[in-house]
Amino acid sequence: LKYFEGVSAFSGKKVLVTAGPTYEPIDPVRFIGNHSSGKMGVAIALELASRGASVHLVAGPGVKLPVHAGIMVSPVATASEMYKVATESFPQMDIAVMAAAVADYTPVNVANEKIKKKDSRLTIELQKTKDILKELGSKKKSDQLLVGFALETNNEKANALAKLQSKNADLIVLNSLQDQGAGFGHDTNKITIYDNTGAEYVYPVKSKVAVAADIADMIYKKLHA
Ligand code: CTP
Ligand code: CA
């Protein structure tokens, strides 16, 4: 059915997608990062582009970048760079899908020189980064659709619903880490989608490509609701 709704279902739609990790520098040779591969966000970008959307993909470091005529890529490194590119892009967009694993904290100071090994303990002071999804949620116009992700290890449903509400998203995709072979570093994912009317959609473990199609279908449904 997907193919018959098909290649033009998203034509004329502009979509912002964030993907991958961010790297927060400590000194010229070190950073704080995370295990996100960006595969889920890239799969969503490709799925929407293949259905006719113009996609602006803002991708963190190490993400294997897709090549598709419908995808423009902005590579970024840090949470603050991702924030800048995403917030500047969002006013021109119809849809935003925030699949990136953005660092929640970044070093207060970045050392100019490599930090030398000295004492047995080292403390690095961190400060909170700006929440990109929350910022887009606060700026969202009534004709824009905002999709967030929630990565949880406990109290999944309550935490996901709290994020949906506090960030003013229209859909939140809960990523379950509980199931084997799903999530970080895997090619499969197990998701549940919640929408802003309280509906819950549970999906089985699938390839990230198939999960991207489910997310695209749900976005399509929301746009035409
Ligand atoms: N997000 C974001 N900018 C940040 C942090 C998170 O845009 N600085 C987005 C993520 O891309 C995701 C959603 O917010 O779409 C939820 O991310 P998650 O890490 O699950 O939640 P947090 O709000 O960061 O809360 P916590 O990590 O404490 O659970
Ligand atoms: Ca977080």
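The values are calculated or read from the model by the stated rules, or taken from the named source; none is laboratory data. In this text, all values refer to a predicted model and were calculated from it rather than measured experimentally. Positions of Cβ are backbone-derived with ideal geometry, glycine not excepted, and every protein chain shown enters the neighbour counts. With ligands, DNA and RNA removed, areas are computed over all heavy atoms of the protein, side chains included. Shrake-Rupley method; radii C 1.70, N 1.55, O 1.52, S 1.80 Å.
Brief remarks follow.
- Size-normalised alpha-carbon gyration radius of the chain, reference 2.2 N^0.38 Å: 1.03
- Linear extension gain, residue 135 paired with residue 69, 0.36 nm per residue minus alpha-carbon span: 20.9 nm
- Between 0 and 90°, nearest 10: helix 208-223 axis offset from the chain longest Cα axis: 60
- Segment residue 199-residue 104, length gained on full extension (0.36 nm per residue, minus Cα span): 31.4 nm
- Rounded if a/c under 1.5, otherwise prolate or oblate - the range 114-225, Cα gyration tensor axes: oblate
- Amide H contacts under 5 Å for residue 32, placed H, 5+ residues apart: 24, 26
- 1.4 Å probe accessible area per residue over the range 1-61, in Å²: 41
- Efficiency of FRET between residue 111 and residue 81 - r from beta-carbon atoms, R0 30 angstrom, step 0.05: 0.95
- Förster radius 45 Å - calculated FRET efficiency between residue 165 and residue 30, Cβ distance, rounded to 0.05: 0.75
- J(HN,Hα) series, the range 47-58, from Karplus relation 6.51 cos²θ - 1.76 cosθ + 1.60, nearest Hz, glycine and proline x: 4, 5, 5, 5, 9, x, 6, 9, 10, 9, 9, 9
- Mean sequence separation of contacting Cα pairs (under 8 Å, at least six apart), scaled by the length of the chain, corresponds to a relative contact order of 19 percent.
- Percent of beta bridges antiparallel (DSSP, the chain, rounded to nearest 5): 40
- Cα-centred dipole magnitude for the chain, charges only on beta-carbon of K, R (+1) and D, E (-1), debye, nearest 20: 300
- At an R0 of 22 angstrom, the distance between the Cβ atoms of residue 128 and residue 158 translates into a FRET efficiency of 0.50.
- MRE, 222 nm, helices only [DSSP H, n ≥ 4, -39500 (n - 2.57), over the chain, to nearest 500]: -8500 deg cm²/dmol
- When the C-alpha to C-alpha distance is required to be over 19 Å, the pairs from 141/222; 64/139; 64/221; 64/208 that qualify are 64/139; 64/221.
- Net charge over other residues, Cβ less than 14 angstrom from the Cβ of residue 160 (K, R count +1; D, E count -1): -1
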